[in-house]
Amino acid sequence: MSLWSIAWKSLKQRWLASSLTGFSVALGIALMVLVLIINGVFTRMFSQNSVGYDLVIGPKGSEWQLVLNTIFRVDRALNDMPWRYYEQLKEDPDFREVIPFAVADVTSEGQFPIVATIPRFFSVPYAYNRSFGIPDDGESTFLRGTWDAVVGSEVARKNGWKVGSTFQLLHSGTGEDAHIHDEKFTVVGVLAPTGTANDRTAFIHIDGFFLLDEHGGTVDSNVEREMLWFQESKEQIEQRYSEVIPKMRAEEERKARAEAEGRHYHSHLAPSVLTKRISAALVVMRGSPDRPNMDEINRSTQAAAKAAELRETFAAQGVQPFGVMYEIQDKLIGNVNLALLVLTVVIVIVSGIGIFVSIYNSMSDRRRQIAILRALGAPRSSVFLVILFESLILCVGGCLVGLLIGHGLVFIASPILEARSGFLVDPFSFERAELYLIPALAVMATLVGFLPGMTAYRTDVAQSLSE
Amino acid sequence: MSLLLENVRKSYREPGGRQLPVLNIDRFSIEPAEQVVLIGQSGGGKTTLLNVIAGITSVDAGRILVDGVDVARLNEVRRDRFRAERIGIVFQTFNLLPAFTALENVLLGMTFSGRVDRGYARELLDRVGLSHRLNHRPPQMSVGEQQRVAVARALANRPRLMLADEPTANVDTGNQQMILDLLRQACREHEVSLLLVTHSTEVSGQFDRVETLSRFNKPGVTE
């Protein structure tokens with residue numbers, strides 16, 4: 001009979017106290033697992049290497065909102081950016097890639113965010129050294145047609161979509177004017193899992209997006225936007241779009257009449273540069289092709305300079321995503337996670353103290369048992385080890401149960417978290433830091449079991465047997 | 001000789017700091033396979049004597065030869081090992097561990113000698129008539145059954161010397177003789193020397209050699 005089984009039997013004898021103290025450790029560890037996994041998810045999500053774009057250019061406003069909306073798709077888009085501005089950006093010699101990006105509407109099924117973009121989006125690495133694996137043949141054939149769509153792995157899995165599936169868009173989310181667009185998009189590709197927001201995004205061709213009813217806006221709103229972005233007068237704008245504006249006004253009148261008569265009116269006016277608007281443009285800087293080793297640094301420096309330049313404009317801003325992400329990680333998530341981590345460490349330590357109290361209190365009742373073991377020939381070291389093993393079983397056993405509970409909670413909570421916040425959490429997530437939990441708990445068990453173990457070690461056999 | 005005590009001295013320090021002599025034995029011995037009963041007044045040092053023979057309590061002076069080994073000269077770790085290998089102990093209050101089954105309690109008697117033999121443990125329990133109670137824990141057994149388990153446990157390490165401290169005192173009259181017979185027969189079969197402490201004249205009357213502690217222990221006498 002091993003000392004382990006003697007320790008196990010002793011714990012079983014006090015099963016209620018043992019299971020409660022072990023469970024308190026398990027709860028502490030489960031909380032710690034949750035914090036570690038959430039911390040890991042956010043750290044990876046907001047790490048500098050998680051985004052492949054050097055700059056996100058969009059309307060002035062919150063930098064956080066711009067990045068959260070374009071990169072993570074968890075916040076509303078800022079105001080719109082005119083297509084004409086995007087065309088100007090394309091001509092900038094400092095830019096290697098400029099990808100138009102419109103985040104609006106959701107899929108009618110599953111409510112996944114819709115991103116309207118161009119095929120080139122899939123040829124640019126979405127994160128450091130990570131690309132969609134779409135061959136870059138100059139002009140990608142992915143998302144070729146106007147009504148083509150490419151969906152992320154989670155969208156395909158949850159909605160059961162595959163190549164050939166069709167879907168519609170829910171306009172304006174769940175607001176009062178929410179309605180489903182008549183047009184149908186066809187899935188032409190499903191992305192491999194990336195572990196990013198792309199997994200839960202449905203990408204549609206930007207041409208199709210512009211063709212959707214009500215995506216053109218009114219004449220006045222479009223003119224006002226152009227006035228703001230280009231600091232031109234109303235007359236200048238109207239002059240520039242002199243061919244389009246009369247047609248748009250006529251269309252607006254037809255629609256107003258139809259609505260007054262209670263009829264649904266579907267506009268068939270072709271989109272123009274004036275009516276096209278996007279949320280942002282994703283930019284990869286030119287860098288220094290002659291110094292490839294310095295490319296990352298050069299691009300970052302160029303992006304910072306461009307962001308400073310854009311700060312002087314009236315309507316646009318350029319944001320370096322990693323800067324914002326570092327800020328979010330450092331100021332918000334890091335502190336919250338640190339606080340949670342400290343809290344869970346305290347919980348585990350309190351559990352350890354609980355184990356100490358439980359074992360230590362039992363020592364007075366167990367003096368006789370220890371004396372019997374000694375009378376049967378057990379050396380002092382053996383009775384010391386029996387007590388230490390009890391502490392180890394409670395701590396390490398509690399730790400293992402805690403790991404199971406923690407991962408069970410992650411498994412259950414990941415789809416809920418994804419649905420509520422849009423953050424992707426792998427239900428089978430495992431953090432490297434968890435590997436240290438069991439050794440750490442073993443050390444704690446040794447510390448916790450030492451004093452009761454010494455009490456057992458010092459037990460006076462003759463006296464305890466005579467009591 | 002199975003047991004030989006020579007010039008054994010043992011005293012305790014009282015709360016006031018004064019030394020209280022308990023054992024002062026010039027010579028006491030037991031032959032191999034001999035069965036001896038020890039009687040004496042309460043507080044006369046009987047249990048202390050058993051404890052020093054078993055190496056549970058160290059002596060101030062003297063030799064305690066058990067199976068040729070001087071227990072008094074062994075360090076504590078070796079004494080523990082020697083006790084586990086050569087000495088069997090039956091207590092008045094059985095001292096079984098309540099969380100362990102009958103079989104496990106017997107196995108526990110083998111654990112610290114390093115000779116765990118599950119088959120032999122079963123055989124011992126069978127011999128004390130408890131083959132049907134192997135997986136019962138002490139609280140699920142009668143007092144008589146518990147003491148029989150204690151006897152089996154004491155025999156588990158194939159001892160050379162059996163020490164029994166009033167083994168029948170807590171057992172009902174019906175079981176007293178059965179326990180005594182069991183203990184004596186087992187010791188006879190295994191050629192184990194037996195030193196049994198008792199207050200009962202019914203018990204002592206059955207032994208050929210009856211020793212009164214006060215006859216050879218003179219704690220008040222100093223040289």
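At a glance:
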| item | result |
| --- | --- |
| Of residues in the range A:321-372 being at pLDDT below 85 and within 14 Å of another protein chain (Cβ to nearest Cβ), the one surrounded by the fewest Cβ atoms within 10 Å (Cβ to Cβ) | A:ASP365 |
| Checklist (1) closer than 16 Å to A:ALA202 by Cβ; (2) part of a helix (DSSP H, G or I) applied to A:ALA102, failing item | (2) |
| Qualifying residue in the range B:35-54 (condition: among the hydroxyl-bearing types (Ser, Thr, Tyr), outside any helix (DSSP H, G or I), more than 10 Å from chain A (Cβ to nearest Cβ) and surrounded by fewer than 18 Cβ atoms within 10 Å (Cβ to Cβ)) | yes |
| Selection from the range A:441-467 of residues that are part of a helix (DSSP H, G or I) and within 12 Å of chain B (Cβ to nearest Cβ) | A:TYR457, A:VAL461, A:ALA462, A:GLN463, A:SER464, A:LEU465, A:SER466 |
| Enumerated helices (runs of 4 or more DSSP H) restricted to the range B:64-159, each holding at least 3 residues that are within 10 Å of another protein chain (Cβ to nearest Cβ) and of a type in the set (A, V, I, L, M) | B:102-111 |
| Residue in the range A:118-130 that is at pLDDT below 90 and more than 26 Å from A:GLN320 (Cα to Cα) present | no |
| Single residue of the range B:185-219 satisfying the filter (within 23 Å of B:ARG148 (Cβ to Cβ) and acidic (Asp, Glu)) that is farthest from the chain's Cα centre (by Cα) | B:GLU202 |
| Among the candidates A:ALA281, A:ALA308, residue that is at pLDDT 85 or above, touching a helix residue (DSSP H, G or I) at 6+ places or on another chain (Cβ under 7 Å) and among the aliphatic types (A, V, I, L, M) | A:ALA281 |
| Residue in the range A:411-422 that is within 14 Å of chain B (Cβ to nearest Cβ), assigned to a loop (DSSP other than H, G, I, E, B) and not aromatic (Phe, Trp, Tyr) present | no |
| Subset tally (residues that are outside any loop (DSSP other than H, G, I, E, B) and surrounded by fewer than 17 Cβ atoms within 10 Å (Cβ to Cβ)) for the range B:166-177 | 3 |
| One residue from B:LEU130, B:LEU134 being of a type outside the set (Lys, Arg), closer than 19 Å to A:ILE6 by Cβ and touching a residue at least 12 places away in the same chain (Cβ under 8 Å) | B:LEU134 |
| Qualifying residue in the range A:345-352 (condition: in a helix (DSSP H, G or I) and under 25 Å from the mean Cα position of the chain (by Cα)) | yes |
| Scope the range A:45-92; condition of a type in the set (Phe, Trp, Tyr) and either assigned to a helix (DSSP H, G or I) or surrounded by fewer than 21 Cβ atoms within 10 Å (Cβ to Cβ) (or both); matching residues | A:TRP64, A:PHE72, A:TRP83, A:TYR85, A:TYR86 |
| Cβ-Cβ under 7 Å pairs, at least 6 apart or on other chains, the range A:79-92 side farther than 21 Å from A:GLN65 by Cα, far side surrounded by fewer than 17 Cβ atoms within 10 Å (Cβ to Cβ) | A:ARG84/A:VAL273 |
| Tally, over the range B:1-34, of residues that are of a type outside the set (Phe, Trp, Tyr) and in a strand (DSSP E or B) | 21 |
| The range A:1-44, subset within 12 Å of another protein chain (Cβ to nearest Cβ), of a type outside the set (A, V, I, L, M, F, W, C) and assigned to a helix (DSSP H, G or I), residue nearest to A:GLY334 (Cα to Cα) | A:SER18 |
| Among the candidates A:ARG277, A:ARG263, A:ARG254, residue that is under 23 Å from A:ASP92 (Cα atoms) and either surrounded by 15 or more Cβ atoms within 10 Å (Cβ to Cβ) or of a type in the set (Lys, Arg) (or both) | A:ARG277 |
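The values are calculated or read from the model by the stated rules, or taken from the named source; none is laboratory data. Because the structure is predicted, anything quoted here is derived from the model rather than measured. Virtual Cβ from ideal backbone geometry, glycine too; neighbours counted across all protein chains shown.
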